[in-house]
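The values are calculated or read from the model by the stated rules, or taken from the named source; none is laboratory data. Since the model is a prediction, treat every value here as computed from it, not as a measurement. Heads up, the Cβs are rebuilt from the backbone with ideal geometry, glycines too, and the neighbour counts pull from every protein chain shown. Ligands, DNA and RNA are stripped out before the accessible areas are found, and what is left, the full protein with its side chains, is counted by its heavy atoms. Shrake-Rupley method; radii C 1.70, N 1.55, O 1.52, S 1.80 Å.
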Amino acid sequence: ETDRMLRQLTENIQRDEMTLWDLSHAIAALVCQDMTVRQIAKKLGKAESYISTLNAIAELPKELEVLVKERHLQDAQSVRKLQKLYQEDPRVVSDQIEEWSKNDDLRSAGLRWQILYRVLEIPRENLSRRMTMMHLGVAKF
């Protein structure tokens with residue numbers, strides 16, 4: 001069973017046919033079948049850190065899960081960073097996601113990526129202030 005799953009996963013990755021949501025859950029399923037992250041990484045020819053990130057984002061809070069399922073976010077590292085920020089202060093992240101949704105910013109792929117990438121790269125102590133500034137349109141990118 002595990003070998004079959006690995007073969008299918010390898011084929012789908014090579015064809016680039018998997019969403020981030022599907023990929024993270026496939027990795028989590030393999031981990032649940034007693035494979036280690038190291039073993040999976042070796043079998044798939046991927047970095048251990050990448051497989052670990054995919055495994056971690058298989059369990060997302062609903063607000064972030066929706067962004068990944070609807071393909072607003074498809075970069076594993078960005079999702080993981082946002083997940084960590086959410087664990088620290090869920091209200092700030094949820095409020096900002098809601099604000100982006102109201103302004104229809106989540107529909108613009110370029111803007112969506114740019115905003116999330118830049119928010120995720122700022123120091124945590126400045127997160128609330130920076131997100132507020134972005135909302136007001138005064139943040140410089």
_In whole percent, and with a 1.4 Å probe on the protein chains, what portion of the accessible area of the stretch 20-95 is carbon and sulfur?_
47
*Give me the net charge of Arg15's neighbourhood, meaning all other residues with Cβ under 14 Å from the Cβ of Arg15; Lys, Arg count +1, Asp, Glu -1.*
-3
*Cβ-based net charge around Ser94, under 11 Å, with every Lys or Arg adding one and every Asp or Glu removing one*: -3
*Sticking with the crude label model, points 7 Å out along Cα→Cβ, report the distance from Lys62 to Gln74 in nm, one decimal please.*
2.7
*Modelled label-to-label distance, Ala47 and Arg4, 7 Å Cα→beta-carbon offset: nm?*
3.3
